[in-house]
Amino acid sequence: MSGSIEFSKVRKTYSISRYKYKRLSEDFGQIIGRILTRKKRSLQKEKLEALKGVSFKIDPGESVGIIGKNGAGKSTILKLISKVTFPNSGSVAVDGKIGAFIELGAGLHPELSGRENIYLYGAILGMKRKEINEKFGDIVNFSELEKFLDTPIKRYSSGMYARLGFSVVAFMNPDILLIDEVLAVGDKGFQEKCLKKMKGFSRGSKTLVFVSHNLEAIKYICTRVMIMDKGRLKKMGKPKDVIKEYLDIYSQKSLE
Amino acid sequence: MSKWFKELLLFKELLFALILREIKVRYKQTALGALWAIMQPLSLMLIFTIIFGFFLKVDSQGIPYPIFSYSALLPWTFFSTSISFGSLSIVNNSNLITKIYFPREVLPLASLGAAALDFFIACLIFIALFFIFRVPISVNILYVLPIGFLMFILTAATLLFLSALVVIWRDLKFVIPLFTQILMFATPVIYPIEKIPQNFKFVYKLNPLATLISDFRDVTVFSKSPDLKNLLLIGLIILIFFIVSYTLFKKIERRFADII
């Protein structure tokens, strides 16, 4: 059924090389060295295990919140769902059209005007031009940026950036919506508006996956919550229980 | 491969939006705007005419040197602009690559599309030169269609190849401009292909770009028909290169977000 997500025993490792980018000379050096010494490929690369065998299932229409400390693997889960990256082992099965609002400003171009960016960002999110035309008025209304539509967005404040980006996402029509900690920017009024929009989305038949450190927002929107801890799924269940446990662990740790 | 094309078709709206972005962004806040599309081949033509036409008296085979060089600069500029913008298109859009899914080839192809538009604008000057120098046109000019098509596929293949490799080895960022510069001398832009010594010609003609640009000049300003057997061979080489490049691109694509 469209809107379902299933992870089974998903492992994902990233290699952290000494240099961020490979250098051509380094690679050639290694290859020549290998030929000369007739050694097999050396396995000295440092690995970072982002996910260590994670399994879960999300049904269509569910709204799932993911909480956990930085580096726990929350964003990696979203990247795997949106097929930006692939697991080293295990399988990820996703059914349905995905919409992702993952980072402030990704996909927006500073030199272009607000109007041009709405079309560009819409296209990047997979919307058809016709669809954007139809919803253009709503998007602009929601963003409250009518006055600045023809200004290049490099002149926007970061709050205005967030408004523009979220407003486009709010009017797309995916089966699965992924949101990664984006409500930290923007004023209170706009944050509440976004939460309401997401609540509306989750009430419908759509699937929502929401990563946030804002526990109140998670409690308000989600029907289930999972705790990620060092690449493992620690707990998944009703928001009230899971958040309580999360707070217990957290306060215990800070006491120690 | 048909699967890749099908998916690409699903994202054609994104491709058009990115072409539009590339064009808009490239000329935003420049005084001359889209005139730059013309300025580049035009100014090179003027320099070449002064140095190679007047000073060095390069043999332009009975055709005024300005139109002789422009007829090669036109396809050459298309190739080099595509490469200089497109080969970095993946690394320059790393924020998109790591966040949102779409077939990654739309990024280099968007650069290709923008360069194609520049090419058509610069064609206006070419047409004007025909009138200015009263160069006759024959029906052979229709050969520009298959030659242009091959040129397009060759450029696309080069872009797919380079843009994917730059993600793995950033050093290529410095190699590519150098490579492009050298390639121009290995291509009959400044001089006629006839000047290549007979025993080198076979090797020289293995450079598909040399054949295509020389043919482009032959069918336009010289009203000649191209050597079809040779063109067919070049077409085959280009096709194989395209398949190899696209396959390589798709293979590396899965890891783009992890290594970028």
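FYI, it's all coordinate maths here, none of it is from the lab. Since this is a predicted model, take the numbers as computed values, not measurements. Please note: Cβ atoms are built from the backbone with ideal geometry, for glycine as well, and neighbour counts cover all protein chains shown.
Against the main long axis of the alpha-carbon atoms of chain B, helix B:228-253 sits at an angle near 20°. With axes computed from alpha carbons, what is the tilt in degrees of helix A:188-203 against the longest principal axis of chain A, rounded to the nearest 10 within 0 to 90? Orientation of helix A:188-203: about 80 degrees from the principal axis.
Neighbours of B:F11 by Cβ distance under 14 Å: Lys/Arg scored +1, Asp/Glu scored -1, total +4.
Residue by residue along A:81-92, Cβ atoms of other protein chains within 10 Å of the local Cβ number 3 on average. Partner shielding of B:247-258 amounts to 2, given as the average count of beta-carbon atoms from other chains within 10 Å of each residue beta-carbon.
Each Lys and Arg adds +1 at its Cβ and each Asp and Glu adds -1 at its Cβ; summed about the Cα centre, the protein assembly as shown shows a dipole of about 1660 debye. Every Cα-Cα pair of the protein assembly as shown was included, and the share exceeding 46 Å stands at 26 percent. Report note on the peptides B:35-48, A:156-169: ranked by the mean count of other C-beta atoms within 10 Å, highest first, their order is A:156-169, B:35-48. Take each peptide in B:68-81, B:134-147, count the other Cβ atoms within 10 Å of every residue, and average; sorted highest first, the result is B:68-81, B:134-147. Each 5 Å bin from zero up to the one holding the largest Cα-Cα distance in chain A carries the following percent of pairs: 1, 6, 12, 14, 16, 14, 12, 10, 7, 5, 3, 1, 1, 0. Relative to the longest principal axis of the Cα atoms of chain A, the long axis of helix A:24-37 lies at roughly 30 degrees. From most to least packed by mean Cβ count within 10 Å, the peptides B:16-22, A:191-197 give B:16-22, A:191-197.
Would you please classify the overall shape of the stretch B:12-137 from the alpha carbon gyration tensor, given that a ≥ b ≥ c denote the square roots of the eigenvalues, rounded means a/c under 1.5, and beyond that prolate means a/b larger than b/c while oblate covers the rest? Prolate, because a/c is 1.5 or more and a/b exceeds b/c.
Peptide B:96-105 has a mean of 6 when you count, residue by residue, the C-beta atoms of other protein chains within 10 Å of its C-beta. So what does the Cα-only Debye profile of the stretch A:154-256 read at q = 0.10, 0.18, 0.24 Å⁻¹, as log10 I(q)/I(0), no solvent term? The computed values of log10 I(q)/I(0) come out as -0.34, -0.94, -1.32.
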